[in-house]
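The values are calculated or read from the model by the stated rules, or taken from the named source; none is laboratory data. On a predicted model such as this, the values are computed, not experimentally measured, just so you know. Heads up, the Cβs are rebuilt from the backbone with ideal geometry, glycines too, and the neighbour counts pull from every protein chain shown.
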Amino acid sequence: MGAGHDVVAGERAGLPAGERPVWSRDFGLFFVARAVARLGDTMLPVALAAGLLQHGYGAGAVGLAMAATAAAFAGLVVFGGVIADRFSTRKLMIGADLVRLGTQSLAAALFYSGHVVLWQICAIGFVNGVAGAVFQPGVASTVPRLAADVQGANGAIRIAESAAQLAGPATAGLLVGFASPGGVFAAHAATYAISALCLLLLRLPPPAAGGGPAGHGGSGAFRADLIEGWREFRSRTWLWGVIAVWCVYMIAVWGPTVPLVATEVVQQHGPRAYGLVNSALGAGTVVGGVLALRLRPRRMLRAGAVSLFAFAGFPVTVGAGLHLPLMAAGAAAAGAGMSFWGVMWATSVQTQVQPDVLNRIHAYDVAGSLAMMPVGQALAGPAAGALGSGHVLLVSGAVSLAVPIALLSVPAIRDLVRADAPSAIAATRPVREQPCSKPTA
């Protein structure tokens, strides 16, 4: 499928990007659903850690419970993309939320009763991961169906998710202190209930031509859809090129940075200092989302790649042992750069890919982006033992500078024109629709 067929969003509204509406009743409902669900998800690690430690389990048990969810999600999200392209994404997302409402309610009951068995918590986490794998692919195709200004919509959602990420751990800490870990699980279950209600009230416009759910065929058709999704993913150099670079990023930068920064800051400055650095990172992501709402670069991936240079400030300031205010500043810059890139990337995928394969493409994107993160996390400890945490973080900082250089060195990535740019729209119009008068610049 050529580039001309990939550009699908530019003419939907018939207005320049800056004049297209973002907010509407239905987008507001989806916005609330995503923000509330993100708030609950950021509460979960606190609930698991506090609850399992309270019942005599160690840090390894906490990691195992989290890994059960991550493994199920990463392993099944590609299949979730096929399902989302064959059936109603709205119904699938509501169903996934209701499943997680049930599992988290069960977890709350277990912690309230004091009968906590690790395998049961891991099983609940696995089911949550399966539900997340069904839910997540539909997000990609829902945003462009609700807002003609896809970039603005992604920026608004990114700001809400960043704010929720700041509030979630603090809220969970208060609930653990004043109630119990079971109370956090109950609150987490409530966030899924709210999300499901918002999606139930949503009036989702019909998909673009060729983007409707199929919902037919047996295992052979399912396998064919899976293969078609891979073929469509592989045919776009800008898409698989970014994912290939991102695998390196996850192994060498993000994977080791998160645990080693936590270890170094807590050991050198205490847990409150780490909370300050983490808050600065979250505040930076809000700033990046605001910038993504206002800036409209013609080549979105090029601008996003440039913003990734800012991430180096996070591992480098900690690895070099700089003062706490400089660490916080580095974290804020990293959050802003990562958030801006995230909006540019999500918008590019959602507007450059045809609706009938978008959910599958997004699933391959998510799976590829997350697959190498556990590898980087697993290698962080041995690498720190051999070289020292500070040196590993400095290496991560160097690699984080090489990553945007690699992205910008690929012509298909740096030269990709946004879908709603005039030249991109003209490229998709049939010849008979071209004006006969003097062409515009």
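Output the residues belonging to the range 364-388 that are assigned to a helix (DSSP H, G or I) and not small (Gly, Ala, Ser). If you could, list the steps in order and put the result at the bottom.
First, the residues of the range 364-388 that are assigned to a helix (DSSP H, G or I): 364-371, 373-387.
Correct list: TYR364, ASP365, VAL366, LEU370, MET373, PRO374, VAL375, GLN377, LEU379, PRO382, LEU387.
Which one of LEU308, LEU301, LEU295, LEU291 is surrounded by fewer than 18 Cβ atoms within 10 Å (Cβ to Cβ), under 19 Å from the mean Cα position of the chain (by Cα) and under 21 Å from LEU408 (Cα atoms)?
Values: LEU308 fails: surrounded by fewer than 18 Cβ atoms within 10 Å (Cβ to Cβ); LEU301 fails: surrounded by fewer than 18 Cβ atoms within 10 Å (Cβ to Cβ); LEU295 fails: under 19 Å from the mean Cα position of the chain (by Cα).
Just a single option satisfies the conditions, and that option is LEU291.
ALA156 - would you say it is assigned to a helix (DSSP H, G or I) and within 20 Å of LEU44 (Cβ to Cβ)? Quick ask: steps written out before the conclusion?
Details: assigned to a helix (DSSP H, G or I): yes; within 20 Å of LEU44 (Cβ to Cβ): no.
Answer is no for this residue.
Against the condition surrounded by fewer than 18 Cβ atoms within 10 Å (Cβ to Cβ), among the basic types (Lys, Arg) and assigned by TED's automatic domain parsing to the domain that holds LEU370, how does ARG236 come out, does it pass?
Numbers: surrounded by fewer than 18 Cβ atoms within 10 Å (Cβ to Cβ): no; among the basic types (Lys, Arg): yes; assigned by TED's automatic domain parsing to the domain that holds LEU370: yes.
The answer is no for ARG236.
Of the residues in the range 159-191, how many are closer than 30 Å to VAL353 by Cα and either modelled with pLDDT under 80 or in a loop (DSSP other than H, G, I, E, B) (or both)?
Here is the first cut: in the range 159-191, the ones closer than 30 Å to VAL353 by Cα are 159-165.
Those still in the list that are either modelled with pLDDT under 80 or in a loop (DSSP other than H, G, I, E, B) (or both) too: 165.
Counting residues in the range 159-191 that are closer than 30 Å to VAL353 by Cα and either modelled with pLDDT under 80 or in a loop (DSSP other than H, G, I, E, B) (or both) gives 1.
Out of ALA380, ALA406, which single residue is modelled with pLDDT of 90 or more, out of contact with any Ser or Thr (no Cβ under 8 Å at 6 or more places or on another chain) and either surrounded by fewer than 16 Cβ atoms within 10 Å (Cβ to Cβ) or within 28 Å of ALA320 (Cα to Cα) (or both)? Reasoning before the result, please.
Working: ALA380 fails: modelled with pLDDT of 90 or more.
After applying the criteria, what remains is ALA406.
Any residue that is in contact (Cβ under 8 Å) with a residue 12 or more places away in the chain and within 20 Å of ALA147 (Cβ to Cβ) - is there at least one of those in the range 328-340?
First, the residues of the range 328-340 that are in contact (Cβ under 8 Å) with a residue 12 or more places away in the chain: 328-340.
Filter once more, keeping what is within 20 Å of ALA147 (Cβ to Cβ): 339-340.
Checked against the condition, which is being in contact (Cβ under 8 Å) with a residue 12 or more places away in the chain and within 20 Å of ALA147 (Cβ to Cβ), the range 328-340 yields at least one hit.
Residue by residue, here is whether (1) at pLDDT below 90; (2) under 18 Å from SER400 (Cβ atoms) holds:
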{"site": "PRO271", "(1), (2)": "yes, no"}
{"site": "ALA283", "(1), (2)": "yes, no"}
{"site": "LEU293", "(1), (2)": "yes, no"}
{"site": "PRO297", "(1), (2)": "no, no"}
{"site": "MET300", "(1), (2)": "no, no"}
{"site": "LEU308", "(1), (2)": "no, yes"}
{"site": "PRO315", "(1), (2)": "no, yes"}
{"site": "GLY319", "(1), (2)": "no, yes"}
{"site": "PRO325", "(1), (2)": "no, no"}
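Run down VAL266, VAL277 and say which single residue is touching a residue at least 12 places away in the same chain (Cβ under 8 Å) and of a type in the set (A, V, I, L, M, F, W, C).
On the way: VAL266 fails: touching a residue at least 12 places away in the same chain (Cβ under 8 Å).
Only one candidate qualifies: VAL277.
For ALA336, are the conditions met, namely being farther than 27 Å from VAL287 by Cα and either in contact with a His (Cβ under 6 Å, 6 or more places away or on another chain) or not polar (S, T, N, Q) (or both)? Lay out the reasoning, then the answer.
Working: farther than 27 Å from VAL287 by Cα: no; either in contact with a His (Cβ under 6 Å, 6 or more places away or on another chain) or not polar (S, T, N, Q) (or both): yes.
So ALA336 does not fit the description; no.
State whether one or more residues within the range 27-38 are without any contact (Cβ under 8 Å) to a residue 24 or more places away in the chain, within 22 Å of the chain's Cα centre (by Cα) and either surrounded by fewer than 21 Cβ atoms within 10 Å (Cβ to Cβ) or assigned to a helix (DSSP H, G or I) (or both). Step through it out loud before you land on a result.
The first filter runs over the range 27-38 and keeps only residues without any contact (Cβ under 8 Å) to a residue 24 or more places away in the chain, leaving 28.
In the following step, the residues that additionally are within 22 Å of the chain's Cα centre (by Cα) were identified as 28.
Then drop every residue that is not either surrounded by fewer than 21 Cβ atoms within 10 Å (Cβ to Cβ) or assigned to a helix (DSSP H, G or I) (or both), which leaves 28.
Looking through the range 27-38, at least one residue is without any contact (Cβ under 8 Å) to a residue 24 or more places away in the chain, within 22 Å of the chain's Cα centre (by Cα) and either surrounded by fewer than 21 Cβ atoms within 10 Å (Cβ to Cβ) or assigned to a helix (DSSP H, G or I) (or both).
Please pick out the residue among VAL77, VAL99, VAL127, VAL82 that is of a type in the set (A, V, I, L, M, F, W, C), farther than 24 Å from ALA50 by Cα and either modelled with pLDDT of 80 or more or assigned by TED's automatic domain parsing to the domain that holds MET372 (or both). Can you show your working first?
On the way: VAL99 fails: farther than 24 Å from ALA50 by Cα; VAL127 fails: farther than 24 Å from ALA50 by Cα; VAL82 fails: either modelled with pLDDT of 80 or more or assigned by TED's automatic domain parsing to the domain that holds MET372 (or both).
Just one listed residue meets the conditions, VAL77.
Give ILE227, ILE194 a once-over and let me know the one that is crowded, with 17+ Cβ neighbours inside 10 Å and either within 21 Å of VAL99 (Cβ to Cβ) or modelled with pLDDT of 55 or more (or both).
Numbers: ILE227 fails: crowded, with 17+ Cβ neighbours inside 10 Å.
Being crowded, with 17+ Cβ neighbours inside 10 Å and either within 21 Å of VAL99 (Cβ to Cβ) or modelled with pLDDT of 55 or more (or both) holds for just one of ILE227, ILE194, which is ILE194.
Quick check: anything in the range 335-346 under 17 Å from the mean Cα position of the chain (by Cα), of a type in the set (Val, Ile, Thr) and modelled with pLDDT of 90 or more?
Within the range 335-346, one or more residues are under 17 Å from the mean Cα position of the chain (by Cα), of a type in the set (Val, Ile, Thr) and modelled with pLDDT of 90 or more.
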